[in-house]
Amino acid sequence: MADNKLYIGILTGTSMDSIDCGIYRFNEDNYEILAFYENEYPLKIKNKIKQNLKELRKNHTESVLNIDIANEFASIVNEILLKENISSADIKAIGMHGQTISHLKENNQNISIQLGSPKILSKKTNIKVISDFRQHDIDNGGEGAPLAPLFHDYFFKSKDKKRIILNIGGISNVSLLASSNNKVSGYDTGPGNTLIDSWMRENYNVNYDNDGFEASSHKVIDSLLYNFMEDDYLKMKSPKSTTTEYFCYEWICKKLKITENNYSKGDILSTLTMFSALSILQSLKDNYSYCDEIYVCGGGAFNKTLMNNLDKLASKIFSNKVVIDTTAGLGVNPKTVETGLFAWLAMSRVNNVILDYTNVTGSNKPLLIGTIYDPM
């Protein structure tokens, strides 16, 4: 639907490396990005979250961090509006994802917890806030993730190509866009940046492998890669979602213990980078048989080694020639797509648009998704 009003999307990734915020306007089949900013994640808040994860999972709403995150979000929104000379009255709503602190299955029940009070954000910005997207999907029988496929289909749809949008964040998720031959669908394939980043933090004392440079300087260990690919999650059928709580540094250590070999840290990094690419493409082959195009967004789009791995593997895994590119090839900065998603979800909820995630998350029926929080 067309909606010429302005919407904000704000979120943080599981890696807590930045707080992203964008301002968008939506039309019938595309959107306009008025502004996008990556903001430094406050180190004090990040450290407190890491130190208190166990308690936060038990009762995050009562934590002062729930307020701290919302206050930080509000400061960022207000500062961006000031920079862009846009009044809060011109913003119809903010789509807030918040900081995920847990996303898993427990006693066969899906659980997804995000930190950040939408009430505080609404009050401090004087703008309507839409939140609780994942919980609504879970309450409707879904996995709570991924939420991106319907938005990807709205903006990146191709009539004559079997097009995949691949979001590589901590976890990788894919969206098969609708065409004459298929309905929109999607799921979490497995690790994206999370194993690479955790290995870099523990072994190189940096947060990530810049441009994939370190991985490019080492070799892939085929036997270890095979061992990684034997993980049970990769064999599960969709709908499915996973988390950095599962694919984490401890996961790597357990896999290395099984092999009982003393590999170099650089070769392990190179293998982890190849594993992300291979698990993604093999999953696409298993679920969708073939595709014509794969466009990548998210932080992984800037890991040159990971992108090269995708390109090389695609020619081996698929019988047809597959285009591998970032969403920049479609005219959209890969960094702006996810904030666009939450602005779009806010727009959809404000306009009472029913969203159908039945073929994505496994939800029971189409529904309105998101809770509206009005300024008080």
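Of all lysines in the structure, the ones whose alpha carbon falls short of 25 Å from that of LYS46, not counting any fewer than 8 places away in one chain, are LYS54, LYS58, LYS105, LYS119, LYS123, LYS124, LYS335. By how many degrees, 0 to 90 and rounded to 10, does the Cα axis of helix 265-288 deviate from the longest principal axis of the chain? For 265-288 against the chain, the angle is about 70 degrees. Hey, which aspartates and glutamates would be in cross-link range of LYS316, C-alpha to C-alpha under 19 Å, not counting anything within fewer than 8 residues on its own chain? In chain and number order, the partners are ASP222, ASP286, ASP292, GLU293, ASP325. Report, to the nearest 10°, how far helix 337-350 tilts away from the longest principal axis of the Cα atoms in the chain, using its own Cα long axis and a range of 0 to 90°. Between the helix axis and the principal axis of the chain, the angle is about 40 degrees. Under a Gaussian network description of the chain, with springs only between Cα atoms under 10 Å, the residue in ASN210, ASN108, ASN359 that fluctuates furthest is ASN108. Dividing the summed -39500 (n - 2.57) terms of all DSSP H runs of n ≥ 4 by the residue count of the chain sets its mean residue ellipticity at 222 nm at -12000 deg cm²/dmol. 3J(HN,Hα) along segment 209-216: 8, 4, 6, x, 5, 5, 4, 5 Hz, from the Karplus curve 6.51 cos²θ - 1.76 cosθ + 1.60 with θ = phi - 60°, whole Hz, x for Gly and Pro.
Separation of segment 330-376 and segment 182-257, taken as the distance between their Cα centroids, equals 27 angstrom. Ignoring lysines fewer than eight residues from LYS162 along the same chain, the ones with Cα atoms less than 17 angstrom from its Cα are LYS183, LYS285, LYS321.
Protection proxy ranking for 272-280, 215-223, using the average of other Cβ atoms within 10 Å per residue and placing the highest first: 272-280, 215-223. Compared with the dominant principal axis of the Cα atoms in the chain, helix 249-259 is inclined by about 10°.
For segment 90-221, rounded, prolate or oblate, judged on the Cα gyration tensor with a ≥ b ≥ c (square roots of eigenvalues), a/c < 1.5 rounded, else prolate if a/b > b/c? Working shown, then result.
Numbers: a/c = 1.67, a/b = 1.19, b/c = 1.41.
It is oblate, given that a/c is not under 1.5 and a/b is not larger than b/c.
Its Cα gyration tensor gives segment 148-330 an equivalent ellipsoid. The semi-axes, each the square root of 5 times an eigenvalue, are 28, 16, 15 Å from largest down.
Since every read-out is calculated from the coordinates, none of them should be taken as a lab result. This one's a predicted model, so the numbers in the text were calculated from it and none came from an experiment. Reconstructed Cβ throughout: ideal geometry from the backbone, glycine too, with neighbour counts over all protein chains shown.
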